[in-house]
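Asker: Dumping the structure here so I can ask a few things about it.
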Amino acid sequence: MRAKDAIQSALASTQHMLEWYLSDLSDADLLVRPVPGANHIAWQLGHLINSEPHLIHMELPDAAYPPLPAGFAEQYTKETAKLESPAGYRTRDEYLALAKQMRGATRAALDQLSDADLDRASTGRMAQFAPKLADLFLLVANHTMMHAGQFTVVRRKLGKPVLF
């Protein structure tokens, strides 16, 4: 197995986990906060969707991503994370479709790279966390899992089955 294959596997498996954790949640469930002041799943999904192309564009500015809906990025900032209004949040199915599109674009960008490309040093703001381009793609996969782990707390609060 080549490095690219392992990274593709990580990107695919974390996307699968995200979809699995959301599979039995309603749109209203996405707005439940596990504790006061914590981010709800809807905000976290928007954050993941918005950040994926942003992270990859730090090192690959020409990577092709579909455009996000107008105003999407502004809906998912640190400042909006604590807002209590459900206005502007999307449905579970809309989030899943956007997440799938972004992940597909990330995987397509990865497919264009050679082993030498993946071994090159990162130079952007995330270089401290992802010193090589391969690390940046793995960071995208790990970012998804980190948030999916937070979804499990909401799932428990809602009485949903333990999935993993």
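Asker: For the stretch 36-63, what are the residues that are over 27 Å from Pro86 (Cβ atoms) and assigned to a helix (DSSP H, G or I)?
Answerer: If the condition is that a residue be over 27 Å from Pro86 (Cβ atoms) and assigned to a helix (DSSP H, G or I), then Leu55, Ile56, His57, Met58, Glu59 are the ones that fit.
Asker: Further, regarding this structure: Tell me, yes or no, whether the stretch 64-75 has at least one residue that is under 20 Å from Leu138 (Cα atoms) and assigned to a loop (DSSP other than H, G, I, E, B).
Answerer: The answer is yes; a qualifying residue exists.
Asker: Quick one: count up the residues across the stretch 81-111 that are free of Cβ contacts under 8 Å to residues at least 12 places away in the same chain and either within 23 Å of Ala12 (Cβ to Cβ) or of a type in the set (Phe, Trp, Tyr) (or both).
Answerer: Qualifying residue count, the stretch 81-111: 4.
Asker: Just to check your reading of the model, which residue among Leu139, Leu113 is part of a loop (DSSP other than H, G, I, E, B), modelled with pLDDT of 95 or more and surrounded by 13 or more Cβ atoms within 10 Å (Cβ to Cβ)?
Answerer: Of the residues listed, the single one that is part of a loop (DSSP other than H, G, I, E, B), modelled with pLDDT of 95 or more and surrounded by 13 or more Cβ atoms within 10 Å (Cβ to Cβ) is Leu113.
Asker: Of all residues in the stretch 64-79, which are within 24 Å of Ala121 (Cα to Cα) and surrounded by 17 or more Cβ atoms within 10 Å (Cβ to Cβ)?
Answerer: Tyr65
Asker: May I ask you to list the residues in the stretch 16-75 that are of a type in the set (S, T, N, Q) and in contact (Cβ under 8 Å) with a residue 40 or more places away in the chain?
Answerer: Correct list: Ser26, Asn39, Gln44, Ser51.
The values are calculated or read from the model by the stated rules, or taken from the named source; none is laboratory data. Small disclaimer: the values here were computed from a predicted structure and weren't measured. We place every Cβ from the backbone using ideal geometry, glycine too, and count neighbours over all the protein chains shown.
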